[in-house]
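Dropping a structure here in structure tokens format, bear with me for questions.
Here, each number is a calculation from the coordinates, and none is a lab measurement. As the structure is a computational prediction, the values presented were derived from the model and not from experiment. Ideal geometry is used to build each Cβ from the backbone, glycine not excepted, and the neighbour counts take in all protein chains shown.
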Ligand code: GLN
């Protein structure tokens, strides 16, 4: 069994440890004897996204988002093909924003998104940002669990048809809205950096399972020893929800 990951714009979109997500996916696969191939692709590099089980884009500042958007929009048809063929997609913050309608940055500059989903993102103002630790409750794939992360975004994302989680503490999609991220069973977009997966092994396994299901009918992931990960998660939950 092997998992093929395409890490898009690895050199531009990588904030607050987002690259740690790749590390975790790789390690959790290898511990289970699943080969894990990680390829990268950035501006002007030819690649067929549909050949991969998992696409990953991290977060980035407005400048990086503007830099890559033309390149990303050229890949729209190919990313659609990947989705049609059941590739799983993980998007953090700036990457998440770019799959919606548009992102209006703090200077009023509009960056068009891929438009796959209805949600859109507008900045409140240059000085107002959602910053800090965040805790959410997730209900996905028949599981209910708590997750933690760190958010830092000016963009306020609205019109999210199916949020990933319910905010227990922090902001999420927009100030005080109560919902965090987007999840439709195939695309997971979230504001949670930190990075997301080391502290939330349940999310890591959910992603690995869904991504492997693209090419394998029967995917059973045996449990790993997550004692330290769970300790870290619970420590953060205690701190955030105290
Ligand atoms: N530039 C975007 C914003 O400020 C995304 C930031 C990020 O990826 N952390 O909303």
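How long is the gain from residue 175 to residue 45 if the chain were fully straight, where each residue apart is worth 0.36 nm and the alpha carbon distance is subtracted?
Between residue 175 and residue 45, full extension yields an extra 43.1 nm.
While we're on this one: Classify the range 19-98 as rounded, prolate or oblate, taking a ≥ b ≥ c as the square roots of the eigenvalues of its Cα gyration tensor: rounded when a/c is under 1.5, otherwise prolate if a/b is larger than b/c and oblate if not.
Judged from the Cα gyration tensor, the range 19-98 comes out oblate (a/c at least 1.5, b/c at or above a/b).
Using R₀ = 41 Å, calculate the FRET efficiency as 1/(1 + (r/R₀)^6) where r is the Cβ-Cβ separation of residue 209 and residue 67; round to 0.05.
So, using R0 = 41 Å, E works out to roughly 0.75.
Put one equal scatterer on each alpha carbon of the chain, apply the Debye formula with no solvent term, and list log10 I(q)/I(0) at q = 0.08, 0.10, 0.13, 0.16 1/Å to two decimals.
For the requested q values the scattering log ratios are -0.27, -0.42, -0.74, -1.15.
If you restrict to DSSP beta bridges whose two residues both lie in the chain, what percentage is antiparallel, to the nearest 5?
The answer is about 60 percent antiparallel.
Can you put 233, 221 in order, fewest other beta carbons within 10 Å first?
221, 233
Arrange the peptides 90-96, 65-71 so that the one whose residues have, on average, the most other Cβ atoms within 10 Å appears first.
Ranking the peptides 90-96, 65-71 by packing returns 90-96, 65-71.
Most exposed first by the Cβ proxy, i.e. fewest other Cβ within 10 Å, how do 29, 177 rank?
In increasing order of surrounding Cβ atoms, one gets 177, 29.
In a Gaussian network model over the chain where Cα atoms closer than 10 Å are linked, find which of 144, 24, 167 has the largest mean-square fluctuation.
144
When the helix-only estimate is applied to the chain (DSSP H runs of n ≥ 4, each -39,500 (n - 2.57), divided by the residue count), what is the mean residue ellipticity at 222 nm, nearest 500 deg cm²/dmol?
-8500 deg cm²/dmol
Using Cβ counts within 10 Å as a stand-in for footprinting exposure, how do 118, 107 rank, fewest first?
107, 118
Same structure, new question: Taking only C-alpha pairs under 8 Å that are 6+ residues apart, what is the relative contact order of the chain in percent?
The normalised contact order for the chain reaches 19 percent.
Just want to confirm a number: the relative contact order over the range 1-137, from Cα pairs under 8 angstrom separated by 6+ residues, in percent.
That works out to 23 percent.
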